[in-house]
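Read the figures in this text as sums done on the coordinates, not as results from a lab. Computed from a prediction, not measured in an experiment: that's the story for all the values here. Backbone-built Cβ (ideal geometry, glycine too); neighbour counts: all protein chains shown.
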There are 2 protein chains.
Amino acid sequence: MAKPRSGPYICGIDAALDVVSGKWKGLILWELDTYDVRRFAELRRGLPGVSEKMLTQHLREMEQDGLVHREVYAEVPPRVEYSLTEHGRSLNAALGPLGRWGMDRIARERTELVEHRDAEILPRPS
Amino acid sequence: MAKPRSGPYICGIDAALDVVSGKWKGLILWELDTYDVRRFAELRRGLPGVSEKMLTQHLREMEQDGLVHREVYAEVPPRVEYSLTEHGRSLNAALGPLGRWGMDRIARERTELVEHRDAEILPRPS
DNA sequence: TGGGGTACTTACCACAAGGTGAGTGAGGAA
DNA sequence: TTCCTCACTCACCTTGTGGTAAGTACCCCA
């Protein structure tokens, strides 16, 4: 048992966040959405810094949650392909507005940083 | 320092999740969206099970992230009112589709549970 | 005089999430 | 012959997140 699903949720946000929270899950979703089908090692290269343990763990949880499909080919060397299920794709669609909000936040943060920097560099216009 | 913001994000989802992840933040957002203005103790009563420490901590972080506005009245007994900022409201709007997806997930889970239960109660229709 | 409400802060503690490094077993490249 | 790749698993350790309980300073009500 990887995670004891926290049972009855208070609202939909709860239920959705439970499924996407996890350091790499957003990126995995993104990667599988843009590439359609990806092998384990491809995903690992696509998420720089992820450990193999976390990648397998997250993929298993997402499989349990019905977001990703795992196809194992009985070959040597082994081949495992991951792709999004219908639910995974609909989750990604539902994450669209949130992603756009996040982009705005990044842009906002950057302009604030720039303003701060300018304020430090030019505190008093002589 | 409450949280070292993880710096440059890879995508918008990252940036947005960084802001809403936290055990009670979704509920706080929801509460402030439905009631518009809430005092500390009202929020605490609205989130059954939250500790005072976590509530203040989450509210401070959300204030730092520009999601909530904190208005302190110099009265005795003290009065502090929390409300959503423009960004907080837009975040809530962006969370709408995700919330609906979560509701679907809850419904889906429930029907699966019912099917399981039926399968156990009526394994063989005599 | 004692209790409750207001909005916190602080210290301490437990558990979960995540990172590290090793091992697996077969095949192909150097 | 040694290393690398594939897709993991396992044991161990560190960090982060959240919970508990107490303290604070002032006021109102019984």
> Taking the label point 7 Å from Cα in the Cβ direction, how far apart in nm is B:PRO77 from each other copy of itself, listed shortest first?
Replying inline: 6.6
> Amide H neighbours of A:ARG79 under 5 Å, counting only residues 5+ apart in sequence or on other chains, H built in-plane at 1.01 Å?
Replying inline: A:TYR73
>> For chain A, take the longest principal axis of its alpha carbons; what is the angle in degrees between that and the long axis of helix A:52-64, to the nearest 10 within 0 to 90?
In response: 70
> With a ≥ b ≥ c the root eigenvalues of the C-alpha gyration tensor of the protein assembly as shown, is it rounded (a/c under 1.5), prolate (a/b larger than b/c) or oblate?
Replying inline: oblate
>> I need the phi-derived Karplus couplings for the stretch A:68-78: 6.51 cos²θ - 1.76 cosθ + 1.60, θ = phi - 60°, integer Hz, Gly and Pro marked x.
In response: 10, 10, 10, 10, 9, 9, 7, 10, 10, x, x
> Dipole magnitude of the stretch A:15-100 about its Cα centre, charges +1 at Lys/Arg Cβ and -1 at Asp/Glu Cβ only, in debye to the nearest 20?
Replying inline: 300
> Which is farthest toward the positive dipole end of the stretch B:15-100 among B:PRO48, B:VAL68, B:GLY88, measuring Cα position about the Cα centre, with Cβ charges +1 (Lys, Arg) and -1 (Asp, Glu)?
Replying inline: B:PRO48
> Can you list the residues, at least 5 places off or on another chain, whose amide H is less than 5 Å from the amide H of B:ARG39, using H built in the peptide plane?
Replying inline: B:TYR82
> Counting only residues 5 or more places away or on other chains, whose amide H sits under 5 Å from the amide H of B:HIS69 once H atoms are built in the peptide plane?
Replying inline: B:SER83, B:LEU84, B:THR85
> What are the chymotrypsin sites (Phe, Trp or Tyr not before Pro) within the stretch A:22-116 that DSSP puts in a loop, where the Cβ has at most 13 other Cβ atoms within 10 Å?
Replying inline: none
> About the Cα centre of the protein assembly as shown, what is the dipole size in debye to 20, counting +1 per Lys and Arg Cβ and -1 per Asp and Glu Cβ, all else neutral?
Replying inline: 460
>> Explain nothing, just compute: Karplus ³J(HN,Hα) = 6.51 cos²θ - 1.76 cosθ + 1.60, θ = phi - 60°, for every residue of the stretch A:104-115 in order, whole Hz, x for Gly and Pro.
In response: 4, 4, 4, 4, 4, 4, 5, 4, 4, 4, 4, 4
> From the backbone phi of the stretch A:38-45, what are the Karplus-calculated ³J(HN,Hα) couplings (6.51 cos²θ - 1.76 cosθ + 1.60, θ = phi - 60°) in whole Hz, Gly and Pro given as x?
Replying inline: 9, 8, 3, 5, 5, 4, 4, 5
> For A:ARG108, which inter-copy label distances result when the label point lies 7 Å beyond Cα on the Cα-to-Cβ vector, reported in nm to one decimal and in ascending order?
Replying inline: 3.0
>> What is the angle, in °, between the Cα long axis of helix A:25-35 and the longest principal axis of the Cα atoms in chain A? Nearest 10 is fine, range 0 to 90.
In response: 70
> Within straight cross-link reach of A:LYS53, meaning Cα distance under 14 Å, which aspartates and glutamates are found once same-chain residues fewer than 8 apart are removed?
Replying inline: A:GLU61
